[in-house]
Number of protein chains: 2
Amino acid sequence: MDTNSFVLRGDICYSLSPTVFALYPHGLAVCIGGRSAGVYDANELPERYAAFPVVDYGCQLIVPGLNDIHVHAPQYGFRGMAMDLELLDWLNAYTFPEEKKYLDLSYADRGYTIFAEDLQHSFTTRAIIFATMHVPATELLMDKLEATGLKTYVGKVNMDRNSPDYLSETDAAASLSATREWLSDVKAKHYANTSPILTPRFTPTCSDELLQGLGEIKAQFNLPVQSHLSENPSEIDWVRDLCPWADCYGRTYEHFNLLGEQTIMAHCNYSTDEEIEILKKTGTYVAHCPQSNAFLASGIAPMRRYMQKGLNVGLGTDVAGGASINMFRAVSDAVACSKLRWRCVDQSLAPLTIQEAFYLATLGGGSFFGKVGSLAKGYEFDALVLDDSGIRSPRELTVAQRLERFCYLSNEGGKLTAKYVAGKKIQL
Amino acid sequence: MDTNSFVLRGDICYSLSPTVFALYPHGLAVCIGGRSAGVYDANELPERYAAFPVVDYGCQLIVPGLNDIHVHAPQYGFRGMAMDLELLDWLNAYTFPEEKKYLDLSYADRGYTIFAEDLQHSFTTRAIIFATMHVPATELLMDKLEATGLKTYVGKVNMDRNSPDYLSETDAAASLSATREWLSDVKAKHYANTSPILTPRFTPTCSDELLQGLGEIKAQFNLPVQSHLSENPSEIDWVRDLCPWADCYGRTYEHFNLLGEQTIMAHCNYSTDEEIEILKKTGTYVAHCPQSNAFLASGIAPMRRYMQKGLNVGLGTDVAGGASINMFRAVSDAVACSKLRWRCVDQSLAPLTIQEAFYLATLGGGSFFGKVGSLAKGYEFDALVLDDSGIRSPRELTVAQRLERFCYLSNEGGKLTAKYVAGKKIQL
């Protein structure tokens, strides 16, 4: 038995499917060497685990860690500000000038220290993160994230056109060369928790030559990919002008072999039938970012449709389009926005339930990382211990009710008591 | 100089209009006898205030208190739960069974203690509150609210039809008689902070006879009124069936003289031209409750239109249709929902800015209480002192940026340091 083997006691809840919770009041979750060995009712712990140390969290909730599959680290410094423009103007007016600052490593150090510390203390156990185009700052971010103990993918951003001079790589060759340099540096660092992910910003800022080169690097090193897709109507119109050869925005990535089961496309608010078919065929993940899509007036993704089609789907905070890195907020926002979409746009698509939104944040996005997002036997042991005693009520509540309530009120009386990632306890 | 006269030092911000902030970095706010005597730059404090005690809050933000003009105290116990139904089904399945419990004073004591304590510690300085139909529990709630020092209106609910037997008054006469009894009791209590407000639940649960009787009580005692209006399409259809004589839902209240400058109608998501005209003509307040309207899939009120028409408008949390009593959350939800409405429903109505939403929460709803909602000279001195040092950023921020950010992130690093209502410091 290694030090990574133990038992947690508490009120345990995780998703068996998008609609069904497994519930173990006063249950026992067993971790062996970083993976779950199953969850048991109080009196049913198998004899073989009887000698494991037990951490007793009383009647606190124990749930799987939450996976934020789309977030921009350098934008964290202006979260909750500059919310008055749509996507393309917002990028030019606020985002690009801020990301430019990450050329300066001392600014990057200040900004990324805050981001990494706040992410460490958040409900997020795993995250998929955009950095900037700057290699040194991206490596600095990866160093800081490695130290948190969270599992992360981090991308040096590629952008070689339609960007201001101060935030654009000279040409595709320069961007690809910087990417290879970055990948080589990262390989030498032998991170345990942090991995690189190819990150073309989005088609408008990436030439065909750049996308083609990234597709080749992806194939050569078997790397994952992240980008943006069909977020905003003006953006989609622009891509149509830029790539008249493509029948849909998604095709501009698919054409260069950038899609697949290790690719995440953020947003997909307006995916056409063709695009959905491409996402389905390639197994590409959709990162639904409801808060950002509201604050940038982008719209509301038809998540019910994507779930019906069997797409791979998860949730992202998309800071700083979204203001909060709280993934429980993303869960409740997903529910709220799906209800407004049902009411205002399309009553053929039922709103998401809280169970479905919680599933998206755990198993949905978690599957991108492997066997992640559940406390069931065989999954990597990512767990949150949640104190909801500050959310007071005169009622007696079930464990399922308490989890539902925590999704809505995590930041209004809820507290994170402990966080485990792959069996390791994170310093809070 | 009485004990209620002092100076607060800090980074001061309040609304001059829906679009303009008054900003006083390192400013001085003077309170004399519960009212503002003006806000001054650091070196410009008039000599006559030089001897006042100064409370130095350093570089914390000082802003007007927030006014929650629509919230249901007895629903607080199931906030963040039972979010899977639309309004009418939600009332029958969850709300009415919970409100029934307030017949039991010991349950009411537990529930209302939590509500009053949490409201006291919230960003709310003044609130307009629904209780239940039960007179003793409503008086208990008023006792508890009186002790908080917050300024509140509280309503014993009237409902004599279309409600379950366990939560319905026998008939209009019984409801009116209970109301008079309640008003008489309240008068004898001589509250300093807490006032009664007539509270017909909504037209579907109030017979014409009851509404008529309440209109008479309103006139007799010159009382304010609160109710619900045009929240949900099914509710509106139902009112059309119930009141075929009325050309719009709003008419069902106007007909019985229940509207006016001391009346609040919650929601108004679907007000017709006729209804808007009635609201305008009577000076009736609209309580916009964006979070509730999302979670109950009710829709999104056209606030831009109401502001263009010059209606009286403010913000409410509508707990437990809304999950959170945090009025800063209501501010940011108003912005987010207005953007989704612009995108999904009607691009002729521009989204609300953060300045406009903050105005709604301060001066907008505050004006219902008199000269309330500003720190300008002559206003009742309601102030919040806000510590935003936990919302970290590598950037230098202006006071306006910090307030904007606080609206989005009040519960993600923000803290309430102090709260003043009419010049009195509230115990936190």
Could you check segment A:391-419 and list, in sequence order, the residues that are free of Cβ contacts under 8 Å to residues at least 60 places away in the same chain and farther than 16 Å from A:TYR24 by Cβ?
A:ILE391, A:ARG392, A:SER393, A:PRO394, A:ARG395, A:GLU396, A:GLU404, A:ARG405, A:LEU409, A:GLU412, A:GLY413, A:LYS415
Any chance you could count how many residues in segment A:82-105 are assigned to a helix (DSSP H, G or I) and over 20 Å from A:ASN269 (Cα atoms)?
13
I'd like the full set of residues that are open to solvent by less than 30 Å² (accessible area, probe 1.4 Å), out of contact with any Lys or Arg (no Cβ under 8 Å at 6 or more places or on another chain) and assigned to a loop (DSSP other than H, G, I, E, B), limited to segment B:394-417.
B:GLY414
Subset tally (residues that are touching a helix residue (DSSP H, G or I) at 6+ places or on another chain (Cβ under 7 Å) and surrounded by fewer than 22 Cβ atoms within 10 Å (Cβ to Cβ)) for segment A:205-215
2
Residues to consider are A:ASP247, A:ASP237, A:ASP208; find the one that is farther than 27 Å from A:LEU145 by Cβ, assigned by TED's automatic domain parsing to the domain that holds A:THR170 and without any contact (Cβ under 8 Å) to a residue 24 or more places away in the chain.
A:ASP237
Looking only at segment A:69-122, count every residue that is under 13 Å from A:LEU141 (Cβ atoms) and aliphatic (A, V, I, L, M) and tell me the total.
7
Within the bounds of segment A:163-171, is there any residue that is within 29 Å of A:LEU428 (Cα to Cα) and in a loop (DSSP other than H, G, I, E, B)?
no
Sort out which residues of segment A:116-143 are in contact with a Gly (Cβ under 8 Å, 6 or more places away or on another chain), open to solvent by less than 10 Å² (accessible area, probe 1.4 Å) and either within 14 Å of chain B (Cβ to nearest Cβ) or of a type in the set (Gly, Ala, Ser) (or both), and write them in order of number.
A:THR124, A:ALA131
Quick check, is A:ASN43 open to solvent by 10 Å² or more (accessible area, probe 1.4 Å) and in the same structural domain as A:GLY413 (by TED's automatic domain parsing)?
yes
For segment A:252-328, which fully contained helices (runs of 4 or more DSSP H) count at least 2 residues that are away from chain B (no Cβ under 11 Å), open to solvent by 10 Å² or more (accessible area, probe 1.4 Å) and without any contact (Cβ under 8 Å) to a residue 12 or more places away in the chain?
A:273-282
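Yes/no matrix, rows are residues, columns are (1) under 21 Å from A:GLY65 (Cα atoms); (2) polar (S, T, N, Q):
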{"position": "A:LEU279", "(1), (2)": "no, no"}
{"position": "A:GLY283", "(1), (2)": "no, no"}
{"position": "A:SER298", "(1), (2)": "no, yes"}
{"position": "A:LEU315", "(1), (2)": "yes, no"}
{"position": "A:ASP318", "(1), (2)": "yes, no"}
{"position": "A:MET327", "(1), (2)": "yes, no"}
{"position": "A:ALA334", "(1), (2)": "yes, no"}
Selection count where residues are open to solvent by less than 10 Å² (accessible area, probe 1.4 Å) and in contact with a Phe, Trp or Tyr (Cβ under 6 Å, 6 or more places away or on another chain), scope segment A:350-380:
3
Could you check segment B:344-361 and list, in sequence order, the residues that are within 11 Å of chain A (Cβ to nearest Cβ), in contact with an Asp or Glu (Cβ under 9 Å, 6 or more places away or on another chain) and not in a loop (DSSP other than H, G, I, E, B)?
B:ILE354, B:GLN355, B:ALA357
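Condition check ((1) at pLDDT below 95; (2) within 13 Å of A:THR317 (Cα to Cα)) across all residues:
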| site | (1), (2) |
| --- | --- |
| A:HIS70 | no, yes |
| A:ALA73 | no, yes |
| A:ASP84 | yes, no |
| A:PRO97 | no, no |
| A:LYS100 | no, no |
Residues satisfying the stated conditions in segment A:71-81, i.e. outside any helix (DSSP H, G or I) and at the interface with chain B (Cβ under 8 Å from one of its Cβ atoms)
A:ARG79, A:GLY80, A:MET81
When you scan segment B:232-249, do you find a residue that is under 30 Å from B:VAL421 (Cβ atoms) and modelled with pLDDT of 95 or more, even just one?
no
Here's a check for you: in segment A:219-248, which residue that is outside any loop (DSSP other than H, G, I, E, B) and out of contact with any Phe, Trp or Tyr (no Cβ under 9 Å at 6 or more places or on another chain) is nearest to A:LEU183 (Cα to Cα)?
A:PHE221
Go through segment B:82-97 and give me each residue that's within 8 Å of another protein chain (Cβ to nearest Cβ) and either of a type outside the set (A, V, I, L, M, F, W, C) or closer than 19 Å to B:PRO204 by Cα (or both).
B:ASP84
Determine which member of the set B:ASP11, B:ASP56 is open to solvent by 50 Å² or more (accessible area, probe 1.4 Å), away from chain A (no Cβ under 14 Å), among the acidic types (Asp, Glu) and assigned to a strand (DSSP E or B).
B:ASP56
Determine whether A:LEU167 is closer than 22 Å to A:LEU315 by Cβ, in contact (Cβ under 8 Å) with a residue 40 or more places away in the chain, of a type in the set (A, V, I, L, M) and open to solvent by less than 10 Å² (accessible area, probe 1.4 Å).
no
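The values are calculated or read from the model by the stated rules, or taken from the named source; none is laboratory data. From a predicted model like this one, the values you see are computed outputs, not experimental measurements. Positions of Cβ are backbone-derived with ideal geometry, glycine not excepted, and every protein chain shown enters the neighbour counts. The accessibility values were calculated without ligands, DNA or RNA, using every heavy atom of the protein model including side chains. Shrake-Rupley method; radii C 1.70, N 1.55, O 1.52, S 1.80 Å.
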